[in-house]
Amino acid sequence: MLASEIIKRPIITEKSMQLVEKQNQYTFVVDKRANKIQVRKAVEELFDVKVLNVNILNMKPKKKRVGRYEGFQGAIAKAIVTLQEGDNIEIFSS
């Protein structure tokens with residue numbers, strides 16, 4: 001898999017921004033088939049930073065409803081990546 005296929009998009013929420021500020025941890029939606037080693041190499045290649053640790057969470061699908069129609073939001077895999085002190089990723093800074 002290519003690095004751009006492994007890292008799908010960043011997750012920018014209040015909680016993820018607190019992780020960036022306090023612990024230098026960045027959160028991404030990643031491909032469900034990717035493992036920690038592949039995520040580490042993809043982040044290092046795409047953003048030119050040094051990764052110390054990778055945690056992957058497999059999120060279950062959530063039940064959603066629009067009017068009388070019900071369905072599911074797809075299952076995703078989230079990766080929380082800890083960077084070396086002094087490194088940062090520009091898309092998270094405002």
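Taking Cα atoms only, the orientation of helix 36-47 departs from the longest principal axis of the chain by about 70 degrees. Taking other Cβ atoms within 10 Å as a rough exposure proxy, SER4, SER16 sort from fewest to most as SER4, SER16.
Between helix 14-23 and the chain there is an angle of about 20 degrees, using the helix long axis and the longest principal axis of the Cα atoms. Coupling constants for the range 83-89 follow from the phi torsions by the Karplus curve (6.51 cos²θ - 1.76 cosθ + 1.60, θ = phi - 60°), and in residue order they are 9, 5, 4, x, 7, 8, 10 Hz; glycine and proline get x.
Measuring between their Cα centroids, the range 42-94 and the range 1-31 lie 4 Å from each other. Residues ASP48, ASP87 in ascending order of nearby Cβ atoms (within 10 Å, fewest first): ASP48, ASP87. Peptide packing: for 7-13, 63-69, the average count of neighbouring Cβ atoms within 10 Å per residue gives the ranking 7-13, 63-69, highest mean first.
Every read-out reported here was derived from the displayed coordinates using simple, explicitly stated rules and does not represent laboratory data. If you're wondering where the values come from, they're calculated on a predicted model, not measured in any experiment. A quick note on method: Cβ atoms are made from the backbone with ideal geometry, for glycine too, and the neighbour counts reach across all protein chains shown.
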